[in-house]
Every structure is written in structure tokens, then in C-alpha cells.
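Below: the structure, in C-alpha cells.
Read-outs: derived from the displayed coordinates by stated rules, not from any lab. Keep in mind it's a predicted model, so treat the numbers as computed, not measured. Reconstructed Cβ throughout: ideal geometry from the backbone, glycine too, with neighbour counts over all protein chains shown.
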Amino acid sequence: MSELILVTGGSGFIATHTIVRLLMKGYRVRATVRSEEKAKKLTSVINHVSSSGDLEIAMVDLLKDEGWDEAFEGVAGLFHMASPFPAGSPKDEDELIRPALEGTKRVLTAAKKAGVPRAVLTSSVAAVAYGTPAKPEGELFTEDDWTDADQDVGAYVKSKTLAERAAWEIAHEDGAPVLSVVNPSLVVGPMIEDDFGTSVGMVQGLLTGKAEASPSRGLGLVDVRDVAEAHVKAFETEAARGQRFIASDEWMTMADMASILREAFPGRADKISAPQEGDKAERRAPSNAKAREVLGIEFTPAHDALIATATSLIDRGLV
Ligand code: NDP
């Protein structure tokens, strides 16, 4: 029988794409969600795009112990993707840090108890490239870099950094799953359902003129299909064990993104945020060399991934 993978936060943007990819590759998947409504929605989305029927659902919460032991029964691999990624910063940073940090500890500890041999964690470039000096011209952030969470980096960046640090600590304990980590930059690309998260929301904001197309905010962009593939390859590749992998294509500013969208969709250019003038953001661009080399990922150009998001939003009538 094929291996069973537990994917936490199964209803999320990246997780849904990853579940499709796992099913396509012949794995069985148990996805965790935290409501009946999300369970129904996820099952219907997956049934629409995959006929394998190998999806089970487990109802668990990152902040509660109940259900995790059962969720891990028979599991050969864990993809821990659940973590809050809201559009704004909460008043209390613990709203993000608790589910990210406590959740990661709870999930990895339960995986260890169940004897799960392999785990892949969805971290972020948020855990790589912030709170430290920018790189000299021409140098990129790599997997050797870590965000300094003691600096004023914001709740989300802090939550992802503390969670990844905790994951590596648990991974060093006897009997813990062998860990690999994927660190994506801003994840865009096509949608497979109408419900979207913060990263697609940023593109929607630009398409509707609601987001500021500022040159002072810069981000790496990566296609969700490449992020899903990076997780699967990180799970399957021997040389990926104990390693972290940045998943990112080109770094650009919000003003650059708006310019690309205006050029690609001239008929709606007047609705799209106008690229602003001003000082350009400090360049904190991540390198994808290790993911290309070890995982064999050929990254979709950021430009194409951005257009794919916009096309999905337009086709689905969401802008
Ligand atoms: P989504 O918001 O689409 O998915 C987040 C998932 O986490 C949802 O399924 C959500 O469940 C779940 N979740 C949040 N809080 C809890 C909780 N307390 N208990 C159980 N589940 C919870 O985001 P993405 O798909 O974009 O993000 C997935 C992962 O990728 C996250 O770890 C995020 O930090 C990381 N990431 C995302 C990037 C991006 O640009 N999108 C970039 C880099 C990393 P529910 O639906 O019930 O709220």
C-alpha cells in the first residue's frame, strides 16, 4: 500500500496544491482541518481535480492536544504547513506566535511519539532574511542565514523564525522524525479554489487598486506549484534530510509587481494600483540555488507566476 502523508492545515493555499501533487504521485493523504466546513470544502476541491479518492480528513487544532495521536496513526511522513498568515499584524503578537510555535512543537512531538520517520516543515524566507544587515550588492540570502527574531521584525516574521528554530531543536532529539524545511518567499501562482490566503490577496489588492504599489516594499515571488513540488522533493530526496531549502524566484517591489500587471492586462490598467515613485526597498533577495541543485526544482519565472495568479482571480470573477 502507498505511503500515508499527514498534511496539517490542509485547507490552506499551499497545502491544497501540495495535496493534489501528493495524490498525483500515488501517495495517500490525511489532511488536518479545524472545522466541518473546511473539511467539506477541501474534499470537494480535491475530488474536483483528482480522482484518486485517497484523501482522509482529521479534525484537529494546533492549540489543542486532542486528536493528534489518532491523526498520526499509520503515517509515514508529516508535512507541517498549518500556521496563521494574516494580512495584517494582530494587536497581540501571541495570536500568531502561539499557534506557530506551540503548534509546531505539538505536531512534531506527536510525530515523534508515533514514530513518524520523516517530516517536512513549511517555514518561510521570513525565518531567513530579516532583522539582520542587508547583503552587499550582488549577494543573496541563503539557507545559512537566519532572521534575528530579537529585532523589531513584526509578529509574523517572529512566529515563523521561532517555529522553525523549535522544529530543528526537536529534530535533534532521539527518535524524532528526520526533518527537512522549505522556506518559500511570497507564494503566488494559479488558484484551485476561490478561497484564497494573504499572498493571493496581495495580488488581488494590486488588481483592484486597493494595495499600495510601493517601491519601498520588496519580496521574492515563487509559484505555488514549485513550492508544492519542493515539499514533495524534500520528502523524497535522501540529500534533503536535515536541510532547509529556500523556494523563491525573482525579488521585486510592489511597484514592480503593479507595472507587470498593468502591462499584462492593459484593458484593466486603470483599475490596477499605480506604481509609486520613491526610495526602493533594501534588497533582501533570497537564493534558490540549493533547491535547484539538490531538489531539482526549475522555478517558474516570478513574472509568469504573478500573471497566473491574476488570471485565476480574473477568471474566477474575484476582482
Ligand atoms: P493559508 O492561510 O491559506 O493556510 C494556513 C493554514 O493554516 C490554514 O489551513 C489554516 O486553517 C491553518 N491554521 C492556522 N491557524 C491554525 C490553528 N490554530 N490550528 C490549525 N490550523 C491552523 O496560508 P498559506 O497556504 O499561504 O500558508 C501555509 C504555510 O506556508 C504557513 O505555514 C505559512 O506561514 C507558510 N508560508 C506562506 C507563504 C505565502 O506567501 N503564502 C510564504 C512563506 C511561507 P484555517 O483554514 O482553518 O484557518
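Observations, loosely collected:
- Using a cut-off of 19 Å between Cα atoms, the listed pairs K64/K112; K64/K113; K113/K233; K91/K158 include K113/K233 as exceeding that distance.
- Length-normalised contact order for the chain - Cα pairs under 8 Å, 6+ apart - percent: 18
- Cleavage-rule hits, GluC sites (Glu not before Pro), the range 60-154, DSSP coil, Cβ neighbours within 10 Å at most 12: E66, E73, E137, E139
- Span from the the range 116-137 Cα centroid across to the the range 37-101 one, whole angstrom: 21
- Cleavage-rule hits (GluC sites (Glu not before Pro)) in the range 203-269: DSSP loop, at most 12 neighbouring Cβ within 10 angstrom: none
- Residues whose amide H comes within less than 5 Å of that of T32, counting only those at least five positions distant or on another chain, are V7, T8, G9, G10, A58 (H built at 1.01 Å from N in the peptide plane).
- Using the Cβ of S216 as centre and a radius below 15 Å, the other residues enclosed give a net charge of -1, where K and R count +1 and D and E count -1.
- Given +1 at the Cβ of Lys and Arg, -1 at the Cβ of Asp and Glu and no other charges, the dipole of the range 1-70 around its Cα centre is 400 debye to the nearest 20.
- By the beta-carbon count within 10 Å of each Cβ, the least crowded to most crowded order of T147, T109, T122, fewest first, is T109, T147, T122.
- Cut-off 12 Å between beta-carbons: net charge of the residues surrounding A111, Lys and Arg +1, Asp and Glu -1: +2
- Other-chain or far-sequence residues with amide H under 5 Å of V120's (modelled H): L78, F79, H80, S180
- Partners of K271 within straight-line reach, counting lysines whose Cα lies under 16 Å from its Cα and excluding those fewer than 8 residues away in the same chain: K210.
- Between the amide H of T147 and those of V128, A129, Y130, distances stay under 5 Å, these residues lying 5 or more places away or on another chain, with hydrogens modeled in the peptide plane.
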